[in-house]
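The values are calculated or read from the model by the stated rules, or taken from the named source; none is laboratory data. Bear in mind the structure is a predicted one, so any value in this text is a computation, not a measurement. Cβ sites come from the backbone with ideal geometry, for glycine too, and all protein chains shown count toward neighbours. Quick note on the areas: whole protein, heavy atoms, side chains included, nothing else; ligands and nucleic acids left out. Shrake-Rupley method; radii C 1.70, N 1.55, O 1.52, S 1.80 Å.
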Amino acid sequence: MHDWTIIAIHGDWIAATFELVLRDPDQAERRLQFEAAEHVMLDRSEPWGASASINEVMAHDDRAGGVARVAFELQSGGAVHITAGAVHLDGEPFVF
């Protein structure tokens, strides 16, 4: 997901869902959905300059705990951290 761009972020507190609307390198809009979201942290700091593009994705699948822990480092130096029970890309199960 290097160089994919975050377009929008949507969360539903009651449903415990979180969604990143992304643009891939072909300029196609993609939706990364997280179900049973337990933790979401948004760091919009920009120590490296303004950017909405993803630099690196770090993921850990905690099978014992039944959750995926994902960190999106942005090219700005900010980050999005998510812990959730399931991940889908465009409606299909997704594993990092």
Within 10 Å, at most 15 other Cβ atoms, and a DSSP state outside H, G, I, E, B define an exposed site. Report the longest part of the chain free of exposed trypsin sites (Lys or Arg not before Pro).
1-43
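Would you mind calculating the relative contact order of the chain from Cα pairs under 8 angstrom and at least 6 residues apart, reporting the percent as a whole number?
On the way: 232 pairs, mean separation 26.4, N = 96.
Across the chain, relative contact order equals 27 percent.
Suppose the chain between HIS81 and HIS2 were pulled fully straight at 0.36 nm per residue; how much longer would it get relative to their current alpha carbon spacing? Could you put the intermediate results ahead of the total?
Details: separation 79, 0.36 × 79 = 28.44 nm, distance 1.59 nm.
Gain in length upon complete extension: 26.8 nm.
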Given all pairs of different Cα atoms, what value in angstroms does the Kirkwood hydrodynamic radius of the chain take?
13.5 Å
Leaving out ligands and nucleic acids, note down the accessible area per residue over the stretch 3-96 with a 1.4 angstrom probe, in whole Å².
59 Å²
In the stretch 21-96, GluC sites (Glu not before Pro) in a DSSP loop with at most 16 other beta-carbon atoms within 10 Å
GLU38
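On the accessible surface of the stretch 1-50, probed at 1.4 Å, how many percent belong to carbon and sulfur atoms?
Details: 1770 of 3460 Å².
Ligands and nucleic acids excluded, carbon and sulfur reach 51 percent.
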Using 0.36 nm per residue, how much length does the chain from ARG44 to TRP13 gain when fully extended, once their Cα-Cα distance is taken away?
9.1 nm
